[in-house]
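Just so it is clear, none of the values below were taken in a lab; they were calculated from the coordinates. Values in this document were obtained by computation on a predicted structure and should not be read as measured data. Every residue, glycine as well, gets a Cβ built from its backbone with ideal geometry; the counts of neighbours run over all protein chains shown.
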Amino acid sequence: MTELEQGLQQARHFHDVLGYRQGDWEEGRAELLLDVQPYHLNFGGVIHGGVLTTLLDVVCAQAGLYCPYPDRVRMGITLSLTTTFTGQASGGTLRAVGTLRASGRKIFSSSGEVLDESGRLLAMGEATYRFRGGSESTEGIPRGERRVGRGDA
């Protein structure tokens, strides 16, 4: 069994498979870091667009879901995500940055970008999310608690 196959068997969530790590995270702003691995590349040998899109989706969501309480969490559902690809990379560490742009009672919008090690823009995106039940306020819900409400599945 290869190292990749072992890692996939141990992964609990899709996010574990990608292997990114949390950078800075504060109210209205989030950052993710990804060390590019061979399995992140497409057949052309550059980072797959799906990897960049996933980084944008996660970091933009985090920008609107910050929770300062360590035993609590906020969750959201992606309503729309637009991605524009502007560059390519084949290695190094990528940095995704998300910024909260607007937030209401149930919906929030963020923008994000993915940069290579030299700060070159690889992708940018805008996204709109709906807060999951209990996540509308900064207090969020207890970590591990799942609330399924109208529209949540």
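Per-structure values
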read-out	value
Dipole in debye (nearest 20) - the chain, about Cα centre, beta carbon charges: Lys, Arg +1; Asp, Glu -1	660 debye
Förster-model FRET efficiency, 25 Å R0, residue 117 and residue 43, C-beta, rounded to 0.05	0.60
For Rg and Dmax of the Cα atoms in Å, calculated from these coordinates, the label among (1) 26.7, 100; (2) 15.5, 53; (3) 16.0, 48	(3)
Cβ-derived FRET efficiency at R0 25 Å, residue 35 paired with residue 85, nearest 0.05	0.80
Hypothetical label at residue 102: residues of region 112-140 whose amide nitrogen lies under 16 Å (7 Å Cα-Cβ projection)	112, 126-131
Positive-end residue, the chain charge dipole about Cα centroid, Cβ charges, pick of 22, 85, 141	141
